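Novice: Pasting a structure below so you can have a look.
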C-alpha cells in the first residue's frame with residue numbers, strides 16, 4: 001500500500017492538509033500502540049510498526065518537498081543524491097547572490113527591514129519554483145518528471161537558505 | 001430481535017472487571033501516585049493522609065527509609081540519605097560532578113555507572129528510584145485493595161534515551177509493570193484538556209524541582225497532538241535554591257568546601273525562604289554554623305528576583321524556540337498551563353504571563369496535575385475505558401543520529417518527530433576491503449560528536465570485502481511509544497545482519513537488572529522462578545483473552561483450517577499455563593503467536609481501511 005492509498009486519496013501534488021490531518025487522526029485512533037496496551041505482545045509490536053508507518057506517511061504527504069519527492073520516486077524517477085554536481089550555472093550564481101544578500105543583512109542600518117526584505121525575496125522565488133514544479137508533476141510525462149526533479153533539487157537549496165535565515169534571526173535577536 | 005454486537009477493532013469484546021491502574025509522578029523533589037476511582041482521578045495518600053512523598057531515600061543500618069522519615073535524616077546523615085536521585089539517573093559521573101559539584105555523597109562505581117557508597121553498600125540511582133516506586137506501589141495496593149495491573153510513569157519531556165531507559169529499569173526493579181512512559185507536560189495537558197474540553201493550541205510550562213519542559217500541543221476531539229517540545233533537563237527550582245545558597249555563602253563570608261550537613265542545611269533554608277517569599281515580601285534566615293554559632297540575615301522578594309531572574313529568562317528563551325519549532329505564533333496559543341511546584345514562585349508567574357500575554361491556568365494543584373493526567377491515561381491504557389476517544393501523539397525531544405567520518409553527527413530522526421517512528425539511512429564503507437563497521441548512536445542537536453550525548457555503540461561484522469563506497473549498510477532507528485530507541489544495522493547486498501548487542505553507554509544492561517532483582521530477593525532462585533512463572537501466566541491469559549475476542553469479531557478473515565490451527569494452539573496454551581513449567585508456557589505462547597501472526601496483520605489492515613471508509617460515510 002503506498003502512502004496515498006493508505007490515506008485513501010488520489011496521487012496528486014495537491015493535498016487538502018485539513019483532510020489529511022483528520023484522516024491521520026482517525027488512522028492513529030485505530031492503530032496507535034496505546035489502543036493495544038492491554039493486548040498481546042504480538043499485537044503491540046504490530047501496532048508500533050503500523051503506527052510508525054502512518055506517522056511516516058503523514059509527515060511525507062504533509063510536507064510539500066517530501067510529497068513531491070515521494071511522487072517522483074514512485075514514478076520511477078531517479079533522484080540524484082545531494083552531492084551530485086549541479087549543472088545549472090545561472091541558478092548557482094543566483095544562490096551565491098542570495099547568500100551574500102543574507103550576509104549583508106547584519107551590516108544594514110535597519111536590520112529588521114533588511115531581514116524582512118530578504119525573506120520576501122526568498123519566499124517569492126520559492127513560490128515561483130513550487131508552482132512550476134507543481135505543473136510539471138501534474139503533466140506526468142518523462143520530460144516533465146525530470147524537470148520537476150530538477151526544480152525539487154533547486155527548492156532544497158532554498159530550504160537550506162531558510163535555515164540560514166532562522167539562524168541569522170536567532171543571532172540577531174538574542175537567542 | 002436481538003442486535004448482534006460488533007466490537008471496536010483492537011478492543012476486547014470479553015467483558016472484564018475493572019482493572020487497577022495508577023499514574024506515578026516520579027519527581028525530582030516530590031513523588032505522587034494517583035488513580036481513577038468511580039470515574040474521577042485523584043491522588044492517593046498514605047496512612048497519615050499525606051499525598052506528597054518526598055523523593056528521598058535513606059539507607060540505615062537495618063532498613064531503608066523513604067519519604068518524610070528519610071527527609072528527617074537528610075541533615076544529620078547526608079552521606080546515606082539520597083535526595084533528588086532523578087538528577088543523577090542515566091548520567092555519567094562527570095555529568096553529575098560538573099553540574100552539582102557540592103553533593104555530599106561518596107561516589108563509587110565507574111565513570112559511566114556512578115554509584116553512591118552508603119552504609120548498606122553501593123547503590124545506583126536506579127535502585128534509589130526503585131525504592132520510591134516500591135513505596136508508592138505499596139501505598140496504591142493498600143488504597144485500592146489489590147495488585148496494580150500496570151502504571152503510567154511520567155518523565156520530563158526533555159529526558160534523553162538513557163534517562164528514560166533508567167526510569168523504566170527502576171520500575172522493573174520495583175516489580176511494577178509499566179504501561180507507558182508519559183511526558184510530564186503531556187500528562188498535565190490531559191488533566192486540563194479533559195476538564196475543559198477545549199480545542200486549539202495550548203502551551204504547557206512545566207518547571208519542576210530539577211527539570212524544565214515547555215510543550216506546545218494541539219487539542220482536537222480527544223486527540224492531544226504534541227507539536228514541539230523543548231526545555232532543559234537540568235534546570236529547575238533546585239537551581240533557584242542553589243543561586244540563593246551561593247548568595248548566602250557570600251553574605252555570611254563562608255568559604256567552600258563546607259561540611260555536608262551545613263550544605264544541606266543551607267539548601268533547606270534557601271528552599272524554605274523561597275517558599276515563604278511566595279506570600280511574604282521579606283523573610284529572616286538563620287543558619288547554625290559548624291562552630292554552633294548562629295548567623296542571621298534577611299532576604300527580600302526583590303533580592304530573590306534578582307538572583308533567579310537569569311534562570312527565569314532562560315526558560316522564556318526555550319519557550320520562544322519551541323514555539324518556532326512548532327511553527328506556531330504566540331497569538332495562536334489559547335491557553336498556558338502551569339505545572340510543577342516551582343511555578344508557584346511569583347516571578348515565574350508574572351514573567352510567563354507577560355511572555356504569552358495571557359493569564360496562565362493554575363486551577364489544578366501544580367504539584368498534583370501530572371500524576372492526575374497520568375492516572376487518566378493509565379485507566380485508558382489498562383482497558384477500563386473501551387469507548388475513550390482519547391489519543392496522545394507525542395514526539396522525540398532530541399534528534400537522534402550516527403557518527404560519521406570526521407566526528408560529525410548525521411541526523412536520522414530529527415527532534416519533534418511524532419512517535420512511534422522507524423527511519424532507515426544508508427551508509428557505506430570508507431576503505432577498500434573493510435569488513436566491519438562501528439556504529440555510534442548519538443542524541444542531541446549539535447553537529448559534532450563531542451557535543452552530543454553518546455547513547456550506544458555496536459559493531460556490524462561480516463560485511464563482504466568490497467571497494468570503498470560499494471557496500472550499502474542500512475541502519476534502522478526505531479523509537480517506540482515510550483520514546484525508547486532501538487537500532488539495527490544490515491548490509492544490503494549480502495543481507496548480513498549484525499547480531500546487535502546495543503551496549504548502553506549509561507545506565508544498566510539487562511543482565512545487571514536481573515542480577516539486582518535476584519539480589520533483592522531473600523530466597524533468590526525460588527522467588528525469581530515464581531516471578532517469571534507469574535509473568536508468563538499473565539501474558540498467557542492476556543493472549544488467550546485477546547485472541548478469543550479477535551476470533552469472535554473477525555473470524556471471517558480466516559479460512560477454516562487457519563481457525564482450527566489457532567484454536568488448537570490456544571487450547572494447548574490454556575492447558576499449559578495452569579502448570580508450573582515456565583519454558584512450556586513460553587513455547588505454547590510462541591506457538592499461538594506463530595499461528596496468529598497473519599491473522600493479527602490482516603485484522604490491523606482491515607481496521608485501517610474500515611476506519612477511513614467510516615470517515616467517508618460520515619462526510620456524506
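The values are calculated or read from the model by the stated rules, or taken from the named source; none is laboratory data. Everything numeric in this text was worked out from a predicted model, so none of it was measured. Positions of Cβ are generated from backbone atoms using ideal geometry, with glycine treated the same way; all protein chains shown enter the neighbour counts.
Novice: Might you check whether a residue that is under 21 Å from the mean Cα position of the chain (by Cα) and assigned to a loop (DSSP other than H, G, I, E, B) occurs anywhere in region A:89-109?
Specialist: Checked against the condition, which is being under 21 Å from the mean Cα position of the chain (by Cα) and assigned to a loop (DSSP other than H, G, I, E, B), region A:89-109 yields no hits at all.
Novice: Oh, and also: Would you confirm, using the coordinates I've provided, whether residue A:47 is assigned to a helix (DSSP H, G or I), within 14 Å of chain B (Cβ to nearest Cβ), out of contact with any helix residue (DSSP H, G or I) (no Cβ under 7 Å at 6 or more places or on another chain) and surrounded by 21 or more Cβ atoms within 10 Å (Cβ to Cβ)?
Specialist: Answer is no for this residue.
Novice: Right, next: I need a count of the residues in region A:66-77 that are touching a helix residue (DSSP H, G or I) at 6+ places or on another chain (Cβ under 8 Å) and more than 14 Å from chain B (Cβ to nearest Cβ).
Specialist: Going through region A:66-77 one residue at a time, the tally reaches 8.
Novice: May I ask you to list the residues in region B:74-100 that are within 21 Å of residue B:163 (Cα to Cα) and part of a helix (DSSP H, G or I)?
Specialist: Once the filter is applied, which keeps residues that are within 21 Å of residue B:163 (Cα to Cα) and part of a helix (DSSP H, G or I), region B:74-100 yields B:85, B:86, B:87, B:93, B:94, B:95, B:96, B:97, B:98, B:99.
Novice: Then there is this: Do we have any residue at all in region B:141-148 that's touching a residue at least 24 places away in the same chain (Cβ under 8 Å), crowded, with 24+ Cβ neighbours inside 10 Å and either within 14 Å of chain A (Cβ to nearest Cβ) or touching a strand residue (DSSP E or B) at 6+ places or on another chain (Cβ under 8 Å) (or both)?
Specialist: So far as region B:141-148 goes, no, none of its residues is touching a residue at least 24 places away in the same chain (Cβ under 8 Å), crowded, with 24+ Cβ neighbours inside 10 Å and either within 14 Å of chain A (Cβ to nearest Cβ) or touching a strand residue (DSSP E or B) at 6+ places or on another chain (Cβ under 8 Å) (or both).
Novice: I'm checking my understanding of the structure. Among residues of region B:364-375 that are surrounded by fewer than 24 Cβ atoms within 10 Å (Cβ to Cβ) and touching a helix residue (DSSP H, G or I) at 6+ places or on another chain (Cβ under 7 Å), which one is nearest to the other protein chains (Cβ to nearest Cβ)?
Specialist: B:364
Novice: Could you say which residue among B:316, B:266 is surrounded by 13 or more Cβ atoms within 10 Å (Cβ to Cβ) and in the same structural domain as residue B:218 (by the TED database)?
Specialist: B:316
Novice: Restrict the check to region B:575-585 and report whether at least one residue is loosely packed, with under 14 Cβ neighbours inside 10 Å and under 32 Å from the mean Cα position of the chain (by Cα).
Specialist: Checking region B:575-585: at least one residue is loosely packed, with under 14 Cβ neighbours inside 10 Å and under 32 Å from the mean Cα position of the chain (by Cα).
Novice: Could you say which residue among B:167, B:186 is within 13 Å of the chain's Cα centre (by Cα), in contact (Cβ under 8 Å) with a residue 60 or more places away in the chain, within 28 Å of residue B:50 (Cα to Cα) and within 13 Å of chain A (Cβ to nearest Cβ)?
Specialist: Exactly one of B:167, B:186 is within 13 Å of the chain's Cα centre (by Cα), in contact (Cβ under 8 Å) with a residue 60 or more places away in the chain, within 28 Å of residue B:50 (Cα to Cα) and within 13 Å of chain A (Cβ to nearest Cβ), namely B:186.
Novice: Determine, yes or no, whether residue A:21 is in a helix (DSSP H, G or I), in contact (Cβ under 8 Å) with a residue 24 or more places away in the chain and either surrounded by fewer than 17 Cβ atoms within 10 Å (Cβ to Cβ) or outside the structural domain of residue A:139 (by TED's automatic domain parsing) (or both).
Specialist: Yes.
Novice: To continue, here is another question. Determine whether residue B:173 is under 26 Å from residue B:85 (Cβ atoms) and within 14 Å of another protein chain (Cβ to nearest Cβ).
Specialist: no
Novice: Inspect all residues belonging to region A:27-37 and state whether any of them is closer than 15 Å to residue B:179 by Cα, more than 7 Å from chain B (Cβ to nearest Cβ) and either under 25 Å from the mean Cα position of the chain (by Cα) or surrounded by 17 or more Cβ atoms within 10 Å (Cβ to Cβ) (or both).
Specialist: For region A:27-37, residues closer than 15 Å to residue B:179 by Cα, more than 7 Å from chain B (Cβ to nearest Cβ) and either under 25 Å from the mean Cα position of the chain (by Cα) or surrounded by 17 or more Cβ atoms within 10 Å (Cβ to Cβ) (or both): absent.
Novice: Okay, next question. Is it the case, given these coordinates, that residue A:133 is modelled with pLDDT of 90 or more and farther than 18 Å from residue A:68 by Cβ?
Specialist: no
Novice: Which one of these is in contact with a helix residue (DSSP H, G or I) (Cβ under 7 Å, 6 or more places away or on another chain) and either surrounded by 24 or more Cβ atoms within 10 Å (Cβ to Cβ) or in contact (Cβ under 8 Å) with a residue 12 or more places away in the chain (or both): B:74, B:45?
Specialist: Going through B:74, B:45 in turn, the sole match is B:74.
Novice: Taking only pairs six or more apart or across chains, which ones have beta-carbon atoms under 7 Å, a first residue in region B:382-407 that is at the interface with another protein chain (Cβ under 9 Å from one of its Cβ atoms) and at positive phi, and a second residue that is at pLDDT below 90 and crowded, with 19+ Cβ neighbours inside 10 Å?
Specialist: Every condition considered, the pairs that remain are B:383/A:38; B:383/B:12.
Novice: Determine whether region A:50-65 contains at least one residue that is at pLDDT 90 or above and part of a loop (DSSP other than H, G, I, E, B).
Specialist: Yes, some residue in region A:50-65 is at pLDDT 90 or above and part of a loop (DSSP other than H, G, I, E, B).
Novice: Are any residues in region A:33-55 within 21 Å of residue A:9 (Cβ to Cβ) and without any contact (Cβ under 8 Å) to a residue 40 or more places away in the chain, and if so, which ones?
Specialist: A:50, A:51, A:52, A:55
Novice: What's the total number of residues in region B:381-420 that are in the same structural domain as residue B:474 (by the TED database) and in a helix (DSSP H, G or I)?
Specialist: Going through region B:381-420 one residue at a time, the tally reaches 3.
Novice: I'd like the full set of residues that are without any contact (Cβ under 8 Å) to a residue 24 or more places away in the chain and buried (at least 23 other Cβ atoms within 10 Å of the Cβ), limited to region B:48-71.
Specialist: Across region B:48-71, the qualifying residue is only B:70.
Novice: If you scan region B:450-477, which residues turn out to be surrounded by fewer than 19 Cβ atoms within 10 Å (Cβ to Cβ) and in contact with a helix residue (DSSP H, G or I) (Cβ under 9 Å, 6 or more places away or on another chain)?
Specialist: Listed by number, the list holds a single entry, B:450.
Novice: Follow-up question, since we're still on this one. Quick check on region B:585-592. Is at least one of its residues farther than 30 Å from residue A:23 by Cβ, more than 14 Å from every other protein chain (Cβ to nearest Cβ), modelled with pLDDT of 90 or more and assigned to a helix (DSSP H, G or I)?
Specialist: yes
Novice: Just to be sure before I move on: is residue B:423 within 23 Å of residue B:229 (Cβ to Cβ), free of Cβ contacts under 8 Å to residues at least 24 places away in the same chain, surrounded by 15 or more Cβ atoms within 10 Å (Cβ to Cβ) and within 14 Å of chain A (Cβ to nearest Cβ) in the structure I sent?
Specialist: Here the answer is no, as residue B:423 does not meet what is asked.
For (1) out of contact with any strand residue (DSSP E or B) (no Cβ under 9 Å at 6 or more places or on another chain); (2) more than 14 Å from chain B (Cβ to nearest Cβ), each residue gets a yes or a no:
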residue	(1), (2)
A:52	no, no
A:57	yes, no
A:102	yes, yes
A:109	yes, yes
